[in-house]
Amino acid sequence: MRFVALTVAAAILIALPLVTTGYVVYLANLLLTFTVLCLGMHIVIGETGQFSLAHAAFYGIGIYAAGIAGTSFGTPFPVSILIGGLAAAAIGFVIGMVALRMRDIYLALATFAFGEAMQWVFLNWNAVTGGPNGLRIAPARLFGLELVTDKDAYPFVVATAVAMLVLTVIVARARLGRSFRAVRESEIAAQAMGVPVQRTKVVAFGISAFFAGIAGGMFTLFSTYIHPDSLGFQTTILVLTMVVVGGLGSIGGAVGGAIAFGLISELLRQAPSFQEIAYGAILILFMMYAPKGLFAFLADRFRGARHA
Amino acid sequence: MTVIKSTALAAGLAAALLGTGPAAAQQEPGLTPTTIKIGMFAPLSGANMAYGFDVANAAKMYYDKINKEGGIHGRKIEVVLEDDRCNANDLVAAVKKLVEQDQVFMLNGGSCSAAVVAAKEYVVRNKVPLVMLNASGDGALYPPTDYIFGAFSISQYAVGGAMIDFAAKTFGAKKVAYVNHDDAYGAWNLEGAKADAEASKVDLAVESVNPTINDVTAPFLKLRAANPDALLIVTYARPAALMIKKAAEMGFNKPIILSVTGTANLSQLMQNVGGPDALKNFYVQDVLADLPGGPKIKWVYDMYKQSYPDLAAKPDHPQAYMPYGIPSAMSIVKALQAAGPNPTREKVLEAMKTLNFDSGVMAGPVVFGPSERAANKATIFIKFDGTNQTLQPGVYSSRWKFKG
């Protein structure tokens, strides 16, 4: 089943730019970027059980770092994306250090405060971020190749998203992933089993921020402008909603949630009069009938149908 | 052999003609012999709907009027409308859908400045004419490009400058307290205000606040300590109401002047500031040619009632910014007419650059030029005491000029 799903997904990804318009490819680029954001949030919340509400800030750090590297220093875009990821990861590690002293709602509030503070920085550090005028980002470049359209950027966005997905699976299956889950289930039990709880939490924050920074770098492949308004708490809540709707604690859920919820949101944009009601109703229905998320819901239905 | 050659030549010519004929016609998307497709986008849902919903309706009703009068050189205007949610990602998605999927001839949209700037690179690269609805959109207008026109309501640079101009000329203010936002709007209008303050020898005491501020005591006390001759508030509705209320509580009796961005509903403002006592020495800026609903612009409100009887019957409709949609639609119609019976995007863009007309809706004329992309720079001021609105004499503008 998994093989069939992966084959279908691969076929869709390959066919998409050949049979659709740039508008659809733009949506695909955006959804794949949000997929990587969701994978990052999945690592810190879903795998490690640490409530982080600063994802938009790390995403913004990635966008500005990658954008400035490419625009001002002319770095090839793979390097720019990596710079975005590493800049976000460095700050994520620092936040992880602070997070060692907090948990639950206190941790959520502290990370929320960090997110708000970063948005203020984006808005007021005029010399670097362009401040309230926003920042123009030069088209991504690599050895003379310039990505000026969504279709130009698409193969690289897909490749980066796939690489980050593979990395997530590797982390989840490694000793580190087991440590994340042990911390999530019980810090005391994890410590008794020899898991370095403090270090594991810091690493989770750092990796999660790295994913968000990479997503920010991906954004600079197909977008040439960023404004701090796009990096507020709503973006964090949007990513959190995608992860919860998809299924907290599952990689498939994070991916499925990003794509399903992103598509729903875009489809609802075509029905302005009803979208707020429909948006709310869909969320309520998900929470009522699929509390474990879309991915688990579909898996249960599939298993039920096979046993019937 | 000659016959074969001639036949081949004729066939070649025919193929060339057949081949290039339709290709030439297809070069201009959104055009048929009977229609011109225009892509509109505005916030049609969510918290920012008031900025664009009825503005888009106003533009649509103007296009309907033109269609009823026979269209433009025989072509009817066909509108495709998208919701941009006042959000950069959604706005770019809407623009890309209109251009690439719906294949519109040109764009008429944008009510939110920061969001509309996100589409700048795309429309310029694809050479699609974008005529904004009511966004000031200064970030997309400066430096000027060949493809983007806007500020039909007003440029934010002009908002700030005109506020100073009014305070200096009407009250002889030498020192003014200036409250703006710590965002793009705030940066733009403060730059305009500084230009006029310098020209009028007015000292500025500035406090930039967050649009979501809940308590304005600290910024107000700082401004009052500067002993200003007038308090100028260039913010959105919430900080504006908080500041006016605080000024009344603290016994501030100098003129308070509110920018056009500060309220969409004066009676609601009166309630939010705690009643008419807070508005004893209060003035509000507007960009229309007359008081809302006044005789000069009554025709717009009448047209709205005729076009949308169901909406007009609802409370608070038309929304305050509704008339702003007319000048942008008028500009497009005038540019299309000037472009002749075989319009191209380039011809329309050239015509846009030469527009200079009075819309009959706004305080100043729509004036573009070789390097001028902001349509309106003029404002009026209204004295409001909680019940009555009194138009103040004169039209006020800014001395700010783009120094590219």
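What FRET efficiency comes out for the pair A:TRP120/A:MET97, r = Cβ-Cβ distance, R0 = 22 Å, nearest 0.05?
0.55
Which chymotrypsin sites (Phe, Trp or Tyr not before Pro) in the stretch A:133-215 sit in a loop by DSSP (not H, G, I, E or B) and have at most 11 other Cβ atoms within 10 Å of their own Cβ?
Here the sparse-neighbourhood loop sites are A:PHE143.
Pairs B:LYS127/B:LYS334; B:LYS280/B:LYS305; A:LYS151/B:LYS60: which exceed 30 Å Cα-Cα?
Over 30 Å Cα-Cα: B:LYS280/B:LYS305; A:LYS151/B:LYS60.
Taking R0 as 25 Å, what FRET efficiency do you get between B:ASP302 and A:ALA271 from their Cβ-Cβ distance, rounded to the nearest 0.05? Don't skip to the end; give the middle numbers.
Values: r = 31 Å, r/R0 = 1.22.
With R0 = 25 Å, the Cβ-Cβ based efficiency is 0.25.
Regarding the stretch A:84-138, what's the average projected area of the Cα-atom convex hull, expressed in nm²?
4.5
Probe radius 1.4 Å, ligands and nucleic acids ignored: give me the carbon and sulfur share of the accessible area of the stretch B:34-157 as a rounded percent.
46
Using amide H atoms built 1.01 Å from N in the peptide plane, name the residues 5+ places from B:MET40, or on other chains, whose amide H lies under 5 Å from its own.
Excluding prolines and chain starts, which carry no amide H, the hits are B:VAL80, B:LEU81, B:GLU82, B:ASN108.
How many nm separate the modelled label positions at B:ASP277 and B:HIS73, each set 7 Å beyond the Cα in the direction of the Cβ?
Computed distance between label sites B:ASP277 and B:HIS73 equals 6.4 nm.
Taking a ≥ b ≥ c as the square roots of the eigenvalues of the Cα gyration tensor of chain B, is the shape rounded (a/c under 1.5), prolate (a/b larger than b/c) or oblate? Let's see the in-between values first.
Details: a/c = 2.56, a/b = 2.13, b/c = 1.20.
Prolate, since a/c reaches 1.5 and a/b exceeds b/c.
Multiplying the sequence separation of A:ASP300 and A:VAL162 by 0.36 nm and subtracting their Cα-Cα distance, what value in nm do you get? Write out the running numbers ahead of the final one.
Values: separation 138, 0.36 × 138 = 49.68 nm, distance 2.57 nm.
Between A:ASP300 and A:VAL162, full extension yields an extra 47.1 nm.
Give the relative contact order (percent, whole number) for the stretch A:35-184; include only Cα pairs under 8 Å separated by 6+ residues.
Worked out over the stretch A:35-184, it gives 33 percent.
Residues of the stretch A:234-269 with accessible area at least 50 Å² lower in the all-protein-chain context than alone (1.4 Å probe)?
At a threshold of 50 Å² (probe 1.4 Å), the residues of the stretch A:234-269 that become less exposed are A:ARG269.
Accessible area per residue, 1.4 Å probe, Å², for the stretch B:21-110: what's the number?
It amounts to 35 Å² per residue over the stretch B:21-110.
Would you work out which of B:GLN101, B:THR217, A:ALA209 lies farthest towards the positive end of the dipole of the protein assembly as shown, given +1 charges on the beta-carbon of Lys and Arg and -1 on that of Asp and Glu, about the Cα centre?
A:ALA209
Given the peptides A:281-290, B:164-173, arrange them by the average over their residues of other C-beta atoms within 10 Å, most packed first.
Ranked by mean Cβ neighbours within 10 Å, highest first: B:164-173, A:281-290.
Just the number please: accessible area per residue for the stretch B:199-260, 1.4 Å probe, all protein chains included, in Å². Please list the in-between numbers first.
Working: 2660 Å² over 62 residues.
Per-residue value: 43 Å².
Would the stretch B:288-404 count as rounded, prolate or oblate if I go by the C-alpha gyration tensor, calling it rounded below 1.5 in a/c and otherwise prolate when a/b exceeds b/c, oblate otherwise?
oblate
Give me the three principal axis extents of the stretch A:1-150 from the C-alpha atoms, as integers in angstrom, largest value leading.
The Cα atoms of the stretch A:1-150 stretch 50, 47, 24 Å along their principal axes.
Cα gyration tensor of the protein assembly as shown, axes a ≥ b ≥ c as square roots of the eigenvalues: rounded (a/c below 1.5), prolate (a/b > b/c) or oblate? Walk me through the numbers on the way to the answer.
Values: a/c = 1.90, a/b = 1.17, b/c = 1.62.
Oblate shape, in that a/c is at least 1.5 and b/c is the bigger or equal ratio.
What trypsin sites (Lys or Arg not before Pro) in the stretch B:190-269 are in a loop by DSSP, with at most 16 other Cβ atoms within 10 Å of the Cβ? Could you put the intermediate results ahead of the total?
Working: sites: B:LYS194, B:LYS201, B:LYS222, B:ARG224, B:LYS245, B:LYS246; in loops: B:LYS201.
Answer in residue order: B:LYS201.
Among B:ALA135, B:ALA167, B:HIS181, which residue has its Cα positioned farthest towards the positive end of the charge dipole of the stretch B:120-181, with +1 placed on the Cβ of Lys and Arg, -1 on the Cβ of Asp and Glu, and the dipole taken about the Cα centre?
Value computed over the given set: B:ALA167.
Using alpha-carbon pairs under 8 Å, 6+ residues apart, how would you state the relative contact order of chain A in percent?
Normalised by residue count, the contact order of chain A is 31 percent.
Between B and A, buried accessible area summed over both sides at probe 1.4 Å, in Å² to the nearest 100?
Rounded to the nearest hundred, the buried surface is 2400 Å².
Carbon and sulfur: what percent of the stretch B:296-404's accessible surface (1.4 Å probe)?
Ligands and nucleic acids excluded, carbon and sulfur reach 54 percent.
What is the sum of charges, Lys and Arg at +1 and Asp and Glu at -1, for the other residues whose Cβ falls under 11 Å from the Cβ of B:ASN342? If you can, show how the numbers build up before the last one.
Values: positive: B:ARG75, B:LYS347; negative: B:GLU28.
Here the charged neighbours net out to +1.
Quick one: net charge of B:ILE77's neighbours, Cβ under 12 Å, K/R +1, D/E -1?
+3
Around A:ILE251, what is the net charge, scoring Lys/Arg as +1 and Asp/Glu as -1 over all other residues with Cβ under 12 Å from its Cβ?
+1
Could you calculate the contour length gain from B:ALA312 to B:LYS174, that is, 0.36 nm times the residue separation minus the distance between their Cα atoms, to one decimal place in nm? Please report the intermediate quantities before stating the final value.
Numbers: separation 138, 0.36 × 138 = 49.68 nm, distance 4.42 nm.
Length gained between B:ALA312 and B:LYS174: 45.3 nm.
With a Förster radius of 30 Å, plug the Cβ-Cβ distance of A:GLN198 and A:VAL169 into 1/(1 + (r/R0)^6) and report the FRET value to the nearest 0.05.
Values: r = 25 Å, r/R0 = 0.85.
Once the sixth-power term is evaluated, E becomes 0.75.
Of all accessible surface on chain A at a 1.4 Å probe, what whole percent is carbon and sulfur?
For chain A, the apolar C and S fraction of the accessible surface comes to 72 percent.
Looking at the stretch B:177-219, which residues lose a minimum of 50 Å² of accessible area between their chain alone and all protein chains in place, measuring with a 1.4 Å probe and not counting ligands or nucleic acids?
Residues meeting the cut-off: B:ASP182.
Give me the accessible area per residue for chain A, probe 1.4 Å, as a whole number in Å².
Accessible area per residue: 46 Å².
Once ligands and nucleic acids are excluded and a 1.4 Å probe is used, how much of B:VAL55 is accessible, expressed in Å² to the nearest 10?
0
Report the relative contact order of the stretch A:170-308, percent, no decimals, based on alpha-carbon pairs under 8 angstrom and at least 6 residues apart.
Once normalised by length, the contact order is 16 percent.
Relative to the longest principal Cα axis of chain B, at what angle does helix B:184-199 sit, 0 to 90 degrees, rounded to 10?
70
The values are calculated or read from the model by the stated rules, or taken from the named source; none is laboratory data. Predicted model, so just to flag it, every value in this text is computed and none were measured. Cβ atoms come from the backbone with ideal geometry, glycine included; neighbour counts cover every protein chain shown. Calculation scope for accessible area: heavy atoms of the full protein, side chains included, ligands and nucleic acids excluded. Shrake-Rupley method; radii C 1.70, N 1.55, O 1.52, S 1.80 Å.
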